[in-house]
Amino acid sequence: MLAGLVALVTFIAVQLARIDAEEELDFELARATETYAASLEAWQQQYWALAAIYAEDPALRYANLRNGEGAQAILPRLTRWNSATASQATMIVRPDGALVAGAFSSTVPEGETRILGAQMLRTAANGGLGRSFVTWSNGQRGYAFAFEVADGAQAEGEIVVVVAPLSELEQYLQLQSDTVLVADRNGIVAVANRRDAIGRPIEDFATTPEEARKLAFAPRQSRLINSRNGWTLSVFRSSQDAAQYVSLVGWLAASGTFAIALFALLLLSRRAADKERLALQRSMRIELEETVERRTAEMREANRHLHEEIERRQKIEQDLRNTHLELTQAAKLASVGQMSAVVSHELNQPLTAIRSNAEMAREYLDRHDEDKAIAKISTILDMSDRIARLTKRLLNFSRQPRSDSYVIALSLPLEDAFGIMEPRMQKEDATYAVNIDADLLVMGGRNRLSQVFINLVANALDACASHDIPCHVDVRSQRVENRIEVLVSDNGPGISQEQEGRIFEAFFSTKPRGKGLGLGLSVSAKIISEFGGELLYRRGQNGGSVFVVAMPALTQKERVS
């Protein structure tokens, strides 16, 4: 009878706990699915508005796209848009898919339009927003948005198409503990955090409710179909936590029932019990209740952490979108990126030494020769210090600069600039000479002035390298009336007269395509302007370029303060 009572109560408790746990699991899965769908739509909203905005641009509305000259004239605009938004492609096509003009990133085949679905183009041609997953011929995947160019004097039903990369969405899904699949209109998985799922029909992973409940605590699946955006979202979640919860309830029910039944049996057999046994039974009951409450609180805390994590990741997404606006910092990081190859070359030698000494230290440890092992470890530490010193200047330069101005000697940012550029100059056998007074003071910021001089030195090296000329950079200062001029000269080929008037424009570059963003001189001129000066260009007497950093000279009162 005792065993039967324990079994009956335990069975009932487990069934009730299972129903409650499965309902809670389904509820949380539904909420998680809605969150993933909201994140997916938020990611799409970053790009779908671009097609509509581009279509309203007057330059497209009134461009004569009927001939090649009009398409060629609008191409630089498409290139700037595509680069600024990090899109895979920004193009103008006709309703039949024929390419009028387009800008493509280096990761996708240039000029390819057969990836664009006819249904998406028809939707755009009818005044709607066409959208669809696309797969390039090289295997790259993206999501395309299409919008018809607004009626203009020259418009003939052209369609603006923006293809967004899926990398940001894939990174977000990889951070999730659930299995998340996103399929296109044809039911083929386009984005997922399971590598084996991409490219397969989403129905291969489907389970019916009956199949899901044949076994206790089978994994749950939730599916959300968005016909407007043309994707199907499928989320799978493990039932392990629910199973553990039900197991705990079953164990507690069995234990409690057994204790109560045993107490009743003893009460019937002995007709009485002393206070100590009553206290013991009461203590056990309290302990069981505290255990249940503690486990329940743990589950609530886990849910709270999950919601906080979702909010944190949404904030991260917002911060990532805001970083696209920080063009000044992008120009600085572009300079750092151009120097990364040289820096990596400088790091190879100590890294090779570290690996070699680490392998020898392991051999000595295997031989129990601790003295030699310690010596090798000391060598590794020395090499690590060398790497730290080499990267310290580059790290400091890449940080966000202070926006305020203060009295500073111009020799300091020049020293920083040549210190950072020294590895590249050594690699390219470049030389330099600096003739500037150590106490030449101006109002400015060290980090931002360093950025200006680094841009000027890097441009000089690039100009000489393009014509295979050993580069020499000369820096000198002079005082002209009430301002100080720092002249940065090189022996390169110089700049043509046609390009002189545009070198300070944003996104204009004299370098070959893909060799620069066209932001260096524009950002440098803006920095010097903020400090009350100006950045000028002059032709060198023997060819080459001379850039003049002109800044107001400090009064005696400013120098003293």
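What is the residue count in the stretch 437-480 for residues that are part of a loop (DSSP other than H, G, I, E, B) and open to solvent by less than 30 Å² (accessible area, probe 1.4 Å)?
Filtering the stretch 437-480 down to residues part of a loop (DSSP other than H, G, I, E, B) leaves 437-440, 445, 467-471.
Restricting the remaining residues to those that are open to solvent by less than 30 Å² (accessible area, probe 1.4 Å) gives 440, 445, 471.
Total meeting the criteria: 3.
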Kindly indicate the residue of the stretch 520-536 that is free of Cβ contacts under 8 Å to residues at least 24 places away in the same chain and among the aliphatic types (A, V, I, L, M) and also surrounded by the fewest Cβ atoms within 10 Å (Cβ to Cβ) among those meeting that condition. Leu536
Residue set Leu181, Leu166; condition within 30 Å of Gln221 (Cα to Cα), open to solvent by less than 10 Å² (accessible area, probe 1.4 Å) and within 20 Å of the chain's Cα centre (by Cα); output residue Leu166
Is there a residue being surrounded by fewer than 21 Cβ atoms within 10 Å (Cβ to Cβ), of a type in the set (S, T, N, Q) and closer than 27 Å to Asn82 by Cβ anywhere in the stretch 537-546? no
Report, by residue number, each residue of the stretch 96-120 that is surrounded by 17 or more Cβ atoms within 10 Å (Cβ to Cβ), over 19 Å from Arg66 (Cβ atoms) and either charged (D, E, K, R) or in contact with an Asp or Glu (Cβ under 8 Å, 6 or more places away or on another chain) (or both). Phe104, Glu112
Between a first residue in the stretch 481-505 that is on the phi > 0 side of the Ramachandran plot and a second residue that is surrounded by fewer than 17 Cβ atoms within 10 Å (Cβ to Cβ) and in a strand (DSSP E or B), which pairs have beta carbons less than 7 Å apart while being 6 or more apart in sequence or on different chains? Gly494/Arg539; Gly494/Gly543
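Those residues that are of a type in the set (D, E, K, R) and closer than 18 Å to Ala164 by Cα, I need them from the stretch 61-105; list them, please.
From the stretch 61-105, those of a type in the set (D, E, K, R) are 61, 66, 69, 77, 80, 94, 96; that's our starting set.
Hits for the stretch 61-105 are Arg77, Arg80.
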Please report, ordered by residue number, the strands (runs of 3 or more DSSP E) entirely within the stretch 121-210 with at least 3 residues that are at pLDDT 85 or above. 130-135, 141-148, 159-165
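For every residue, the table says whether it meets (1) under 22 Å from Asp184 (Cα atoms); (2) free of Cβ contacts under 8 Å to residues at least 24 places away in the same chain; (3) not in a helix (DSSP H, G or I).
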| residue | (1), (2), (3) |
| --- | --- |
| Glu23 | no, yes, no |
| Ala51 | yes, no, no |
| Leu65 | no, no, yes |
| Ile74 | no, no, no |
| Leu78 | no, no, no |
| Asp96 | yes, no, yes |
| Val100 | no, no, yes |
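The values are calculated or read from the model by the stated rules, or taken from the named source; none is laboratory data. Just so you know, these numbers come straight off a predicted model, no measurement behind them. Glycine gets a Cβ as well: all are built from the backbone with ideal geometry, and neighbour counts include every protein chain shown. Note: areas computed on protein heavy atoms with side chains; ligands, DNA, RNA excluded. Shrake-Rupley method; radii C 1.70, N 1.55, O 1.52, S 1.80 Å.
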